[in-house]
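Structure, as structure tokens:
Computed from the coordinates by the stated procedures, all read-outs in this text should not be read as laboratory data. Given the structure is predicted, the values throughout are model-derived calculations rather than measurements. When we count neighbours, we look across all protein chains shown, and the Cβ atoms used for this are built from the backbone with ideal geometry, even at glycine.
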Amino acid sequence: MLADEISRLKEEQNAVILAHNYQPGEVQDVADLRGDSLELSRAAAGEKAEVIVFCGVDFMAETAAILSPEKRVIMPEAGAGCPMASMITARQLRRFKAEHPGAAVVCYVNSSAEVKAESDICCTSANGIEVVASLAEDQVLFVPDRNLGRYVARFTDKKIVTWDGYCYVHDRYTTEDVRRARALHPQAELLVHPECRPEVIDLADHVYSTSGIARHAKESPAQEFIVGTEIGMNYRLKQENPDKEFYPLSEEAVCVDMKKTSLEKVLSALQTLEPRVAVPEEIADRARGAIERMLAV
Ligand code: 13P
Ligand code: SF4
């Protein structure tokens, strides 16, 4: 069986498999850890194994490579990217900074290594509010996600200027999706990701990162949940809470790149230790400062 061969090779290669919560179920099942971006970054930073097999999208694997330059980070599907991360370039960010002298730059980890290298501090969906609160500056440039930036702005008196990027999966949810789902499941709690639009967030019962959603679903006395994040999340939710019901806010919430990884590709990556994720040293050194500053918050 593929999973057995993966497990054998993992040991032989002294490798660990990290998988994001949106990965296909079969990939989540062979992972040593599945989690949100923050948990996976922390795991990569403290990892003992020599090889990290990163099942997710490229900015996540790059973050692992930046935090653990001595390790070999491989991505089973090198072509898996995050379209939102491509919505701002380092050059655009430099211009944005020049237009707002004195402002701090907070960069969502869903960004390229080059953009991180131009930023003061990173954040994830799990810690954006705390990261902004930790800054001395009164003005903050928040890139690239306008929705997470606006969500964080609700919790601070600082002036937040957002870049106009977005996640096509989360930005697509509408208030009509909420109305329809609530009508179908009146007893359910609505849990959404902060990458959703403000008008959808306004209607939610709770707003969390993907692992925050998983934690809440376990702890809540509610039996039914409408889940406003990528559809792969429901696999973990159902596995961890077999007696509870989870309904997607929309069946169309699919991140195509997250679904590019398969067990066959994980096996091949372990056999060849390729494709390796490499970030040029000069960029990695500058980006590391922004990521480590976030991890210290
Ligand atoms: P999390 O950090 O909440 O897992 O989010 C990552 C992501 O890409 C959401 O679309
Ligand atoms: Fe990027 Fe959205 Fe996919 Fe997350 S769900 S990786 S933000 S495109």
Q | Residue list for region 15-45, given a label point 7 angstrom along the Cα-to-Cβ vector of Glu251 and an amide N cut-off under 19 Å | A | 25
Q) Does region 40-136 come out rounded, prolate or oblate, given a ≥ b ≥ c as the square roots of the eigenvalues of its C-alpha gyration tensor, rounded meaning a/c under 1.5 and, failing that, prolate meaning a/b above b/c? A) prolate
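What's the extension gain from Glu137 to Glu99 if we count 0.36 nm per residue and subtract their Cα-Cα distance? Can you show the working numbers first?
Values: separation 38, 0.36 × 38 = 13.68 nm, distance 1.57 nm.
Using 0.36 nm per residue and subtracting the Cα-Cα distance, I get 12.1 nm.
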(Q) Check which residues have an amide H placed less than 5 Å from Asp145's amide H, if you skip close sequence neighbours. (A) Tyr108
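Full-extension gain between Tyr168 and Arg293, please, as 0.36 nm times their residue separation minus the C-alpha to C-alpha distance.
Numbers: separation 125, 0.36 × 125 = 45.00 nm, distance 2.83 nm.
Fully extending the segment from Tyr168 to Arg293 adds 42.2 nm.
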Q: Please report, in debye to the nearest 20, how large the charge dipole of the chain is about its Cα centre when each Lys and Arg carries +1 at its beta carbon and each Asp and Glu carries -1 there.
A: 500 debye
Q.
Once R0 is set to 45 Å, what does the formula 1/(1 + (r/R0)^6) return for the Cβ-Cβ distance between Lys159 and Asp32, expressed as a FRET efficiency to the nearest 0.05?
A. 0.60
Q: Can you tell me the relative contact order of region 54-104? Whole percent, Cα pairs under 8 Å, sequence separation 6 or more.
A: 34 percent
Q: May I ask you to list the aspartates and glutamates whose Cα is less than 18 Å away from that of Lys158, ignoring any residue fewer than eight positions away on the same chain?
A: Glu99, Asp120, Glu130, Glu137, Asp138, Asp145
(Q) Can you say what percent of the DSSP beta bridges in the chain, counting only those with both residues inside, are antiparallel? Round to 5. (A) 5 percent
Q) For the chain, what is the calculated [θ] at 222 nm in deg cm²/dmol (nearest 500), taking -39500 (n - 2.57) for each run of four or more DSSP H residues and dividing by its residue count? A) -11500 deg cm²/dmol
Q: Evaluate the relative contact order of the chain (contact order divided by residue number), counting alpha-carbon pairs under 8 angstrom at least 6 apart; express in whole percent.
A: 23 percent
Q. Using 7 Å Cα-to-Cβ label points, what is the Ala183/Ile129 separation (nm, one decimal)?
A. 3.2 nm
Q: With a ≥ b ≥ c taken as the square roots of the eigenvalues of the C-alpha gyration tensor of the chain, please select rounded if a/c is under 1.5 and otherwise prolate if a/b is larger than b/c or oblate if it is not?
A: oblate
Q: Please give, to one decimal in nm, the separation of the simple spin-label points placed at Ser86 and Gln271, each 7 Å out from Cα toward the Cβ.
A: 2.9 nm
Q) Taking amide H positions as placed 1.01 Å from N in the peptide plane, with prolines and chain starts having none, which residues 5 or more places from Ile226, or on another chain, fall under 5 Å of its amide H? A) Glu189, Leu190, Leu191, Tyr247
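At a Förster distance of 41 Å, what's the computed FRET efficiency of Glu199 paired with Asp4, Cβ-Cβ distance as r, to 0.05?
Values: r = 48 Å, r/R0 = 1.16.
Step by step, r from the Cβ atoms, then E = 0.30.
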